[in-house]
Each structure stands twice: as C-alpha cells, then as structure tokens.
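S.K.: Quick one: the structure is below, and I'll ask about it shortly.
The values are calculated or read from the model by the stated rules, or taken from the named source; none is laboratory data. Quick caveat: nothing in here was measured; it's all calculated off a predicted structure. All Cβ positions, glycine included, derive from the backbone under ideal geometry; neighbour counts span all protein chains shown. Side chains included, ligands, DNA and RNA excluded: accessible areas come from the protein's heavy atoms. Shrake-Rupley method; radii C 1.70, N 1.55, O 1.52, S 1.80 Å.
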Amino acid sequence: MNVQVTFLPSGRSVTVRAGTTVLDAARRAGVPIRTRCDGKAACLMCKVTAQNSSSGLSPLNDNERYKLAGLDRSGTRLACQARVFGRAVVEVPEDPFRAAVRRQMMRQAEDDELW
C-alpha cells in the first residue's frame, strides 16, 4: 500500500510505501531534515511536527517517547522513528543557519528602507 506525505512549509508531497520513516520520505521528496546519527535516534536533530496529530503516522515507540521527554504532547516526532501508514502532513523546522541568514537579510532590508 502506498501513502502520501506532505511536508510544510515547502508543500512538497511524496508517495511512499506504508511503513517508510518520515526521514526516508523526506529524502525522497528532496526535503532536507538535519541528522547526524543517520536515523538511529541518537542525535535528536530530526525533530518534526505532525500536523493535526497526523493519524497517518505510527504511534510513538518507547524509544521515541523516552527521547522526546514530553515534547510528543505538542505533536513533535523524530523523523527517523515515526513511520507513515496513512496520509500525513509534517512540518519541518527551518535549518538554523538558513534562519540566521534570512533574519540578517531582513535586517539589511529594513536598514536600506531607513536610508
């Protein structure tokens, strides 16, 4: 069975086999998700937010629940542990470096308007 995953804010969607991790689905969709441990739930960098408690994702396993330490109540999941079993919408946080560059460019644009 194939299922669709949509990634926000890019809006990219991909169809993958049921049971595929969110991390692997993101890679197939060309959506970057930061990770250092290559999907072993060790670095905790691959946090994403499931929209509307995305019922299309697998329930938290014990390892993911332990690692998230309560963040799961806000919809946070580890992309390397969450598996897709139905239609899901997942928000990927902006890369910190890109966010810093974007903020700096916004400041420069504001400064340019002042002069």
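S.K.: Give me, ordered by chain and number, the residues 5 or more places off residue 60 or on other chains with an amide H under 5 Å from its own placed amide H.
M.R.: none
S.K.: Calculate, for residue 94 and residue 63, the FRET efficiency according to 1/(1 + (r/R0)^6) with r their C-beta to C-beta distance and R0 35 Å; round to the nearest 0.05.
M.R.: Efficiency at R0 = 35 Å is approximately 0.85.
S.K.: Starting at the first residue of the range 72-78, write each ³J(HN,Hα) from the Karplus equation 6.51 cos²θ - 1.76 cosθ + 1.60 with θ = phi - 60°, in whole Hz, x for Gly and Pro.
M.R.: 3J(HN,Hα) across the range 72-78, in whole Hz: 4, 5, 9, x, 6, 9, 8.
S.K.: Given the options 14, 22, 90, state which has the largest fluctuation in a GNM of the chain using a 10 Å cut-off (strictly under) for Cα springs.
M.R.: 14
S.K.: Next question. For a test of the definition: using alpha carbon positions, the gyration tensor, and the 1.5 limit on a/c, classify the range 1-95 as rounded, prolate or oblate.
M.R.: Cα axes put the range 1-95 in the rounded bin.
S.K.: Let me ask something else about it. With the chain treated as a Gaussian network of Cα nodes joined by springs under 10 Å, which of 95, 62, 72 yields the largest mean-square fluctuation?
M.R.: Per the Cα network of the chain with a 10 Å cutoff, 62 tops the list.
S.K.: At most 15 other C-beta atoms within 10 Å and a DSSP loop state: those are the exposed trypsin sites (Lys or Arg not before Pro) I care about. Give me the longest piece of the chain that has none.
M.R.: 41-86
S.K.: Oh, and also: May I ask you to evaluate 6.51 cos²θ - 1.76 cosθ + 1.60, the Karplus curve with θ = phi - 60°, for each residue of the range 79-86 and list the ³J(HN,Hα) values in order in whole Hz, giving x for glycine and proline?
M.R.: 4, 7, 10, 6, 10, 9, 10, x
S.K.: Something else now. Using amide H atoms built 1.01 Å from N in the peptide plane, name the residues 5+ places from residue 47, or on other chains, whose amide H lies under 5 Å from its own.
M.R.: Counting only residues 5 or more places away or on other chains, the set is 79.
S.K.: Roll a 1.4 angstrom probe over the protein heavy atoms and tell me the percent of accessible area of the chain that is carbon or sulfur.
M.R.: 50 percent
S.K.: While we're here: What number, in percent, do you get for the relative contact order of the chain if the mean sequence gap of Cα pairs under 8 Å and at least 6 apart is divided by its residue count?
M.R.: This gives 32 percent for the chain.
S.K.: If you don't mind, another one. Please list the non-local residues whose amide H lies under 5 Å from the amide H of residue 12, H modeled 1.01 Å from N, same-chain partners needing a gap of 5 or more.
M.R.: Here 7 satisfy the definition.
S.K.: What list of ³J(HN,Hα) values in whole Hz, one per residue of the range 93-110 in order, does the Karplus curve 6.51 cos²θ - 1.76 cosθ + 1.60 (θ = phi - 60°) give from phi, with Gly and Pro shown as x?
M.R.: The phi angles translate into x, 5, 4, x, 5, 4, 5, 5, 5, 4, 5, 5, 5, 5, 4, 5, 5, 5 Hz.
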